[in-house]
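Q: Here's a structure for you.
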Ligand code: PLP
């Protein structure tokens, strides 16, 4: 199978094998040592000295934890939204009673850092800024460094970033850029099975946490940190995914972060080049083209859903479709994790073959 969705991604065989290892006592020394290694290595990958916390949850759980641990009902929040995942984190904050002002950008556009600065000047009481680094629904990687600069220059709000699909696919310097909470998830570029959300928590975020009144239980950061210090987790962790993450992180750091970013950029460029050679057009603003996923308009007359169906049923090639208002209008090709050039070439060879059949 050529799994070209933007996560879960194909897990390399060696990582898959360790995920099948026998269970251990999650309150014993072996687990404690593994968790410590994972967190140290995540600190390196997040380029941060901040606390890194793990939750047995999908990425959305990590995002929910960021909201409930920093905010109180009624808190003014600015959410910069340019697609389905921007909408999601805004909805989580609304669900827990925050007073969310959604600043919308067209799907396919990059979030404008000047607008971020302006909105913060207009709303100095803002407690949190919500941004999606890589908008998986549109294939846009927002200019996070410039956005973070705009936040830090104009506000004391916590900057909460959904990096679920961006982490490892491009540079994200948590400490140097002043990102308070960065969330990711194991099934994305970490190339592990789904099940673990990881996030970093800055000093500023811990201070907000101390006064945050939103009810929480499973995702409570204080509780999680206190167990982490004992080498444990408050509740039963996804031990198999921890095994996988432990090895994946070792491999990622052996390759070197800059090399991992460069590899993603190379594969993304190859994807765009191959797509264009078949007559596809970029869905969004190419200046912000994502290293994780490419969103494309098909050539005129092509039924994208028929294309996806034939790819799946006849060629075992799984490609993403549009989400929300983009459903039926675009395809999305995932290229995060350890993706080879051959997989991208095969993907477009198949698409080229099918195109003739599905063009009206
Ligand atoms: N945010 C982004 C940017 C994503 O790409 C995804 C998943 O595709 C999520 C959040 C949600 O993650 P999960 O499905 O792991 O809850």
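Q: Could you please let me know if residue 204 is in contact (Cβ under 8 Å) with a residue 24 or more places away in the chain, in contact with a strand residue (DSSP E or B) (Cβ under 6 Å, 6 or more places away or on another chain) and over 22 Å from residue 40 (Cβ atoms)?
A: Numbers: in contact (Cβ under 8 Å) with a residue 24 or more places away in the chain: yes; in contact with a strand residue (DSSP E or B) (Cβ under 6 Å, 6 or more places away or on another chain): yes; over 22 Å from residue 40 (Cβ atoms): yes.
Yes, satisfied.
Q: Take residue 47 and tell me if it is out of contact with any strand residue (DSSP E or B) (no Cβ under 8 Å at 6 or more places or on another chain) and in the same structural domain as residue 235 (by TED's automatic domain parsing). Step through it out loud before you land on a result.
A: Details: out of contact with any strand residue (DSSP E or B) (no Cβ under 8 Å at 6 or more places or on another chain): yes; in the same structural domain as residue 235 (by TED's automatic domain parsing): yes.
The answer is yes for residue 47.
Q: Only one residue in 63, 54, 71, 78 is more than 28 Å from residue 110 (Cβ to Cβ) and either within 16 Å of the ligand (Cβ to nearest atom) or more than 19 Å from the chain's Cα centre (by Cα) (or both). Which one? Can you show your working first?
A: Details: 63 fails: more than 28 Å from residue 110 (Cβ to Cβ); 71 fails: more than 28 Å from residue 110 (Cβ to Cβ); 78 fails: more than 28 Å from residue 110 (Cβ to Cβ).
Step by step, each of 63, 54, 71, 78 is checked, and only 54 is more than 28 Å from residue 110 (Cβ to Cβ) and either within 16 Å of the ligand (Cβ to nearest atom) or more than 19 Å from the chain's Cα centre (by Cα) (or both).
Q: Quickly run through the range 225-255 and pick out the residues that are surrounded by 17 or more Cβ atoms within 10 Å (Cβ to Cβ), outside any loop (DSSP other than H, G, I, E, B) and touching a strand residue (DSSP E or B) at 6+ places or on another chain (Cβ under 8 Å).
A: 228, 241, 242, 245
Q: Find the strands (runs of 3 or more DSSP E) located wholly in the range 282-360 whose residues include 1 or more that are surrounded by fewer than 22 Cβ atoms within 10 Å (Cβ to Cβ) and not assigned by TED's automatic domain parsing to the domain that holds residue 82, and list them. Steps first, answer last, please.
A: Numbers: elements: 293-297, 317-321, 331-334.
The strands (runs of 3 or more DSSP E) meeting that bar are 293-297, 317-321.
Q: Can I ask one more? Suppose we keep only residues that are over 19 Å from residue 7 (Cα atoms) and either within 11 Å of the ligand (Cβ to nearest atom) or surrounded by fewer than 24 Cβ atoms within 10 Å (Cβ to Cβ) (or both) within the range 124-141. Which one would you say is nearest to the chain's Cα centre (by Cα)? Can you show your working first?
A: Let us first name the residues in the range 124-141 that are over 19 Å from residue 7 (Cα atoms), namely 124-131.
Right, trim to either within 11 Å of the ligand (Cβ to nearest atom) or surrounded by fewer than 24 Cβ atoms within 10 Å (Cβ to Cβ) (or both) and you get 124-127, 131.
Values: 124: 28, 125: 28, 126: 24, 127: 23, 131: 11 Å.
Result: 131.
Q: Shifting gears a bit: If you take the residues of the range 188-209 that are within 11 Å of the ligand (Cβ to nearest atom) and on the phi < 0 side of the Ramachandran plot, which of them is surrounded by the fewest Cβ atoms within 10 Å (Cβ to Cβ)?
A: 194
Q: What residue, among those in the range 175-186 that are crowded, with 24+ Cβ neighbours inside 10 Å and either over 13 Å from the mean Cα position of the chain (by Cα) or in a loop (DSSP other than H, G, I, E, B) (or both), is farthest from the ligand (Cβ to nearest atom)?
A: Of the range 175-186, the ones crowded, with 24+ Cβ neighbours inside 10 Å are 179-186.
With the extra rule that they be either over 13 Å from the mean Cα position of the chain (by Cα) or in a loop (DSSP other than H, G, I, E, B) (or both), the set shrinks to 179-180, 186.
On the way: 179: 15, 180: 17, 186: 8 Å.
Step by step, filter the range 175-186, then rank; the result is 180.
Q: Considering 41, 21, which residue is touching a residue at least 40 places away in the same chain (Cβ under 8 Å), under 18 Å from residue 242 (Cβ atoms) and either touching a strand residue (DSSP E or B) at 6+ places or on another chain (Cβ under 7 Å) or outside any helix (DSSP H, G or I) (or both)?
A: Details: 41 fails: either touching a strand residue (DSSP E or B) at 6+ places or on another chain (Cβ under 7 Å) or outside any helix (DSSP H, G or I) (or both).
After ruling out the rest, the residue left standing is 21.
Q: Is it true that some residue in the range 93-108 is buried (at least 18 other Cβ atoms within 10 Å of the Cβ) and under 22 Å from residue 169 (Cα atoms)?
A: Yes, the range 93-108 has at least one match.
Q: Still on this structure: Of all residues being in contact with a strand residue (DSSP E or B) (Cβ under 6 Å, 6 or more places away or on another chain) and over 21 Å from residue 185 (Cβ atoms) in the range 81-109, which is farthest from the ligand (Cβ to nearest atom)? Just the residue, please.
A: Looking only at the range 81-109, we keep the residues that are in contact with a strand residue (DSSP E or B) (Cβ under 6 Å, 6 or more places away or on another chain), and these are 81-83, 85-87, 89-90, 93-94, 98-104.
When the remaining residues are screened for being over 21 Å from residue 185 (Cβ atoms), the result is 94, 98-104.
Numbers: 94: 16, 98: 18, 99: 22, 100: 17, 101: 20, 102: 16, 103: 17, 104: 17 Å.
Restricting to residues being in contact with a strand residue (DSSP E or B) (Cβ under 6 Å, 6 or more places away or on another chain) and over 21 Å from residue 185 (Cβ atoms), the top hit is 99.
The values are calculated or read from the model by the stated rules, or taken from the named source; none is laboratory data. Predicted, not measured: the structure shown is a model, and the values here were computed from it. Every residue, glycine as well, gets a Cβ built from its backbone with ideal geometry; the counts of neighbours run over all protein chains shown.
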